[in-house]
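**Student:** Handing you a structure now.
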Amino acid sequence: MAHITGVAVTAFGKHAGRGPVDLMETAALAAIGDADLPREAVDGLVSGYATTYPHLMMGTVVAERLGLKPKHAHEARCGGATGAMAIVLARHLIAAGACRHVLVVGGENRLTGQSRDDAVKTLAGVGHPEHEVPLGASIPAYYALLAARYLHEAGATERDLAELAVLMRRHAATHSGAQLTKPITVDDVMASKPIAAPLKFLDCCPISDGAAAVIVSADPSPRAAIRLAGWGEAHTHQHISEMPDDLGLGAKVAARQAFETAGRKPSEIRLAGIYDSFTPTLAIFLEALGLAPAGGAGKAARDGRFGRDGALPLNLHGGLLSYGHCGVAGFLAHVVEVVRQMRGEAGDRQVRDPALAYLHADGGVLSSHVGLVLERAA
Amino acid sequence: MSGIALLKCRSCGHHWQFRRAACPVCAAIEPEAVAVAGGGTVWSVTTVHRAPLPEWDVPGGYAIALVTLDEGVRVMCRAESGLAIGEPVRVTLRDGLPHAART
């Protein structure tokens with residue numbers, strides 16, 4: 001059994017002068033405090049990577065900074081799915097009896113620690129070095145190709161996708177840590193500058209500085225038992241050139257495994273934290289997971305399904321699209337929000353009684369998927 | 001010829017593009033390199049307005065397409081502007097890069 005016993009996330013945006021290890025330290029100490037653990041109780045550590053500080057041994061760097069002497073420490077790398085993957089790894093370390101309390105941490109000064117051009121170039125490198133990168137493709141271009149295909153297959157429109165950006169901005173406005181809080185409309189999204197058709201600027205998440213951390217423990221926290229009930233992974237391809245024809249296949253495979261291990265059904269979940277690097281990412285996942293009808297994610301958002309008082313509250317902190325995206329901590333912020341909601345600690349954002357939640361992240365170009373089912377004990 | 005080369009499994013006949021020693025379908029080794037005609041259809045297409053390197057930026061952007069070749073292989077190409085999904089195209093090498101144009 002594995003439980004989430006501590007969570008922390010910094011504000012996302014600009015943290016000028018602070019490096020990845022500084023940011024990870026802040027989040028890690030806060031999460032250890034949130035779990036009410038003595039520091040020496042943390043006997044495992046899985047850190048994220050940082051594009052602004054590509055160290056060979058980030059896990060050890062973070063352990064040293066924190067003064068930890070863990071039985072296990074390493075750096076995980078799986079793009080945007082890294083944080084979720086690290087939580088699965090923590091669960092496996094606990095199930096194997098190797099550790100009792102595993103710190104999962106990510107943080108990066110992705111916004112102020114490098115030029116925007118360097119960030120775009122680094123991210124474009126997830127493409128194939130011979131057959132994709134030389135063509136001048138970028139991460140937004142890869143997702144634009146997915147978006148165009150999605151719109152073609154699902155019969156949705158660019159305005160439908162824009163609804164998801166509007167929703168995330170509305171949610172971010174209620175969180176003091178969010179990077180982007182100025183309200184936007186569908187027309188604003190449609191009028192924002194073109195990045196890679198059909199994606200406009202406001203269909204894309206921002207680049208951020210920030211950090212987040214999660215403590216995964218063998219036993220539940222005395223104040224709230226949040227159990228990692230299910231987990232699933234899928235790795236269908238790395239490069240978009242080799243991805244399956246079914247845009248949602250990886251998401252479906254990972255989710256099916258996650259719900260099977262949890263012994264629960266998608267229809268039972270009452271809260272979701274879904275990776276939203278671009279509006280089509282979120283639409284493809286919501287529809288592949290059966291959380292919205294095919295082609296209907298944008299309409300469902302417009303109709304209030306994913307709001308605080310809707311049937312399936314989603315990314316109530318504002319998601320990557322508006323809370324922000326600083327790499328590995330980007331999705332960990334979704335985990336933090338879901339756990340705070342399940343504990344009833346989300347203040348004005350609090351949803352009614354979310355006893356079962358689903359989290360989903362992808363890395364690459366819908367390449368690697370991790371699904372997590374979290375369950376609050378009665 | 002188009003200048004587009006693929007790999008073909010000598011055992012099951014599956015084609016693919018990326019370098020690998022064994023067939024991803026049947027695991028038979030030693031695929032043969034084959035030149036193909038380059039005919040295919042557009043699977044998806046975008047116009048990039050923000051290049052990964054500033055020196056690659058072009059006024060009005062440049063088009064990138066994923067084309068499903070007649071051999072069943074999806075390849076990324078530069079493309080002529082205005083292509084639509086499902087449109088038949090021919091992929092040829094242009095300045096060393098695969099380029100999709102209307103047939």
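**Student:** Just give me the residues in segment A:229-260 being within 14 Å of another protein chain (Cβ to nearest Cβ) and in a helix (DSSP H, G or I), in sequence order.
**Tutor:** A:Ile240, A:Ser241, A:Glu242
**Student:** Here is a follow-up. Only one residue in B:Leu69, B:Leu7 is within 19 Å of A:Ala137 (Cβ to Cβ), more than 8 Å from chain A (Cβ to nearest Cβ), within 18 Å of the chain's Cα centre (by Cα) and surrounded by 16 or more Cβ atoms within 10 Å (Cβ to Cβ). Which one? Don't jump to the end; show me each part of the working.
**Tutor:** Numbers: B:Leu7 fails: within 19 Å of A:Ala137 (Cβ to Cβ).
Criteria check complete, one pass: B:Leu69.
**Student:** Among the listed residues A:Thr5, A:Thr26, which satisfies the condition of being surrounded by fewer than 24 Cβ atoms within 10 Å (Cβ to Cβ) and at pLDDT 95 or above?
**Tutor:** Matching residue, one of A:Thr5, A:Thr26: A:Thr26.
**Student:** Do we find that A:Glu130 is closer than 25 Å to A:His237 by Cα, among the acidic types (Asp, Glu) and outside any helix (DSSP H, G or I) in this structure?
**Tutor:** In short, yes.
**Student:** Among the candidates B:Ala51, B:Ala33, B:Ala79, B:Ala63, which residue alone is of a type outside the set (S, T, N, Q) and either more than 10 Å from chain A (Cβ to nearest Cβ) or touching a residue at least 40 places away in the same chain (Cβ under 8 Å) (or both)?
**Tutor:** Answer to the check: B:Ala33.
**Student:** Is one or more of the residues making up segment A:241-250 of a type in the set (A, V, I, L, M, F, W, C) and within 29 Å of A:Ala377 (Cα to Cα)? Can you show your working first?
**Tutor:** If we filter segment A:241-250 for residues that are of a type in the set (A, V, I, L, M, F, W, C), which is where we start, we get A:243, A:247, A:249.
Going one step further and asking which of them are within 29 Å of A:Ala377 (Cα to Cα), we end up with none.
Among the residues of segment A:241-250, not one is of a type in the set (A, V, I, L, M, F, W, C) and within 29 Å of A:Ala377 (Cα to Cα), which makes the answer no.
**Student:** Given the structure, is B:Ala27 among the small types (Gly, Ala, Ser), outside any strand (DSSP E or B), at the interface with chain A (Cβ under 10 Å from one of its Cβ atoms) and without any contact (Cβ under 8 Å) to a residue 24 or more places away in the chain?
**Tutor:** In short, no.
**Student:** Could I ask something else about it? In segment A:80-122, how many residues are touching a residue at least 40 places away in the same chain (Cβ under 8 Å), among the hydrophobic types (A, V, I, L, M, F, W, C) and within 14 Å of chain B (Cβ to nearest Cβ)?
**Tutor:** 1
**Student:** Suppose we filter A:Ala148, A:Ala137, A:Ala165 for residues that are surrounded by 23 or more Cβ atoms within 10 Å (Cβ to Cβ) and more than 14 Å from every other protein chain (Cβ to nearest Cβ); which single one remains?
**Tutor:** Values: A:Ala148 fails: more than 14 Å from every other protein chain (Cβ to nearest Cβ); A:Ala137 fails: more than 14 Å from every other protein chain (Cβ to nearest Cβ).
Checking each option against the conditions leaves just A:Ala165.
**Student:** Oh, and also: Can you tell me which of (1) modelled with pLDDT under 95; (2) surrounded by fewer than 19 Cβ atoms within 10 Å (Cβ to Cβ) is the one A:Thr51 doesn't meet?
**Tutor:** Here A:Thr51 meets the rest and fails (2).
The values are calculated or read from the model by the stated rules, or taken from the named source; none is laboratory data. Treat the numbers as computed from the prediction; the structure is a model and nothing was measured. Every residue, glycine as well, gets a Cβ built from its backbone with ideal geometry; the counts of neighbours run over all protein chains shown.
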